């Protein structure tokens, strides 16, 4: 699991772990765009994503010693990022109490296959990104972890603090939420055009 | 889609199809799903739609729709530069602080003491390095040296880490540290005695340092070493070859002490002979006729009476003082009133600063007339220096707080959060504010607990220093709102601290209000720090507990949602 288009710079990572400031700079330049995009997808605003990216890299400086060099650096980096973003979202959720957990208990409607196919066919990437902004923190976080950073179900379960068997449900509910948001966007667009 | 109810029941649910495309099903179940979707149009369509949805999601996520913000592009460089600036400022200000402290406080003292005839000694030297107050100081100095070495080693490790591997750097530090610890300490024979009534009998000789604690302590024999006493009533009629450190209600020295006497007592009366210097903090100090101090005398006492002889200079602060003995050096005194009796002999100059002219007997033998200076009470805040120093100290505290916030940002946030609950930190603060010093004093009495007491007292002082910063941060948060950003928190702390200082400074001049405000701030801040520490060391019960209310997990192959549409 690498950051998109990035081959792991093993030697630079080793030097950065040994405290080489230049190597650290190289790592930052290499991975900051991918981590920023991860945060941008996971967090509600651009400013949040910028802050989170900086905080993640500051945190990473202290945590680099904990990295197991036999495993993928990108995967580890995404795990750290996911934990950080989820912490941010969770803190806000506690403070602002915007989300309600009742949503979790609503039974999911089985989709009409042809209608779903039509919906997916008509939507663009940009519309999906806009729809993501309207979703709850956990649903968005789950989708980002799975479809941006390609994290495994185990890693997602670990980051979100749920059981592994529940990850599929979280992802499915997230997709339903996304579809609703996409339909809402389309309705808004239609309303605007008329 | 004209399907029979039986056929409908055989349709796969969305969850199963999602788990299938995500490769989360076991092989057997996967083959079943594969076979079914090839035969069933509805399930095949749903599977394709889900796959397309996955692809759309991945594409939408991975597309580079916006470039890296310039703030992030420059972050690495900026962070490096800003830290350089911070450390530069810290060291610069620290150096300035040391210089200001030296020129503002230590040097004038030194000059004054030199003028008073203390021949180049200074108060710090007098207390610690010269006439050794107590052998324990040597341990403290060693402890400070070790601390300084550890700090230097830490800085060295930070420096080396840039050049060598972490393990090597740590090895270097540990090697250095072990070398320091491996240096053998001097052998020390120590005698401990405690009880209601503790005695060193007339024909008894104790070799080495002696610690005595009790209600009544009497030393009629010989102590060949230093004597450290904590008691209600002390009587030294024997011989002490080293120094005496005494904390007592009433102390009387009728015998001989070859070294120094240091201590704090309610009443101290000396009728015997002291070989070196005496430095005491008492309510009443009396040097009886026939008593002799070989070195200098430094006394902070309400009532000061000197009828014996002093070999060198006298520095005394008192309310009422009288001199009727012999002083071979100079006298520098500060107090309310001074009387120099007819039997007084002073071979050096006499300077007195007080509220009343000294009463000098015409029969007194003085080397020169008494130099009197009327002591004028001047309010500190009337001069511009006062405000300049307030600003410097405020800036220094903010800088201190900034360094702490940068070093331990998470703990700083936890402390501020603890302070925001008001009741608990103030309650705990009262306990810590009074309890910790009492515990430290009790630890001192157990003697072996002295290093622990020193450490505890040091930590207590550090908490007092940080308390105002914590309260400042809470005030800053109240004004500007909370933030999770470290620099935002520092900014709020600085703003709040300045406001607290502005409010507190005038209050400080109203006696009771100033004391109450100070105590309130200290207790609040100290309580918050203690509460954060307490929470930090609490065992973590469930680190991975889900944040959402518990929802029963759904096995991978069960149906989600309602029945398939007709």
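The values are calculated or read from the model by the stated rules, or taken from the named source; none is laboratory data. Remember, it's a predicted structure, so these values are computed and weren't measured experimentally. Neighbour counts run over all protein chains shown; Cβ positions are idealised from the backbone, glycine included.
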* Asked: Which one is surrounded by the most Cβ atoms within 10 Å (Cβ to Cβ), of the residues in the range A:139-170 that are within 29 Å of residue A:122 (Cβ to Cβ) and facing another protein chain (nearest Cβ under 7 Å)?
  -> A:144
* Which one of these is more than 9 Å from chain B (Cβ to nearest Cβ), out of contact with any strand residue (DSSP E or B) (no Cβ under 7 Å at 6 or more places or on another chain) and either part of a loop (DSSP other than H, G, I, E, B) or touching a residue at least 60 places away in the same chain (Cβ under 8 Å) (or both): A:34, A:75, A:52? -> A:75
* Asked: Restricting attention to the range A:11-31, which residues are more than 9 Å from chain B (Cβ to nearest Cβ) and in contact (Cβ under 8 Å) with a residue 24 or more places away in the chain?
  -> A:13, A:14, A:16, A:30, A:31
* residue B:55 vs. criteria within 19 Å of residue A:130 (Cα to Cα), more than 8 Å from every other protein chain (Cβ to nearest Cβ) and modelled with pLDDT of 55 or more -> yes
* **Which listed residue is closer than 21 Å to residue B:406 by Cα, modelled with pLDDT under 85, within 11 Å of another protein chain (Cβ to nearest Cβ) and surrounded by fewer than 21 Cβ atoms within 10 Å (Cβ to Cβ), from A:5, A:62** => A:62
* Any idea how many residues of the range B:495-514 are at pLDDT below 80 and either part of a helix (DSSP H, G or I) or within 14 Å of another protein chain (Cβ to nearest Cβ) (or both)? -> 9
* To do: Inspect all residues belonging to the range A:111-125 and state whether any of them is farther than 24 Å from residue A:36 by Cβ, more than 10 Å from chain B (Cβ to nearest Cβ) and at pLDDT 90 or above.
  => no
* To do: Look at residue B:60 and say whether it is in a helix (DSSP H, G or I), at pLDDT 75 or above and loosely packed, with under 12 Cβ neighbours inside 10 Å.
  => no
* To do: Within the range B:229-238, identify whether any single residue is under 22 Å from residue B:289 (Cβ atoms), surrounded by fewer than 18 Cβ atoms within 10 Å (Cβ to Cβ) and free of Cβ contacts under 8 Å to residues at least 60 places away in the same chain, and answer yes or no.
  => yes
* Asked: Quick check: anything in the range B:239-258 in contact with a strand residue (DSSP E or B) (Cβ under 8 Å, 6 or more places away or on another chain), modelled with pLDDT under 90 and under 21 Å from residue B:325 (Cα atoms)?
  -> no
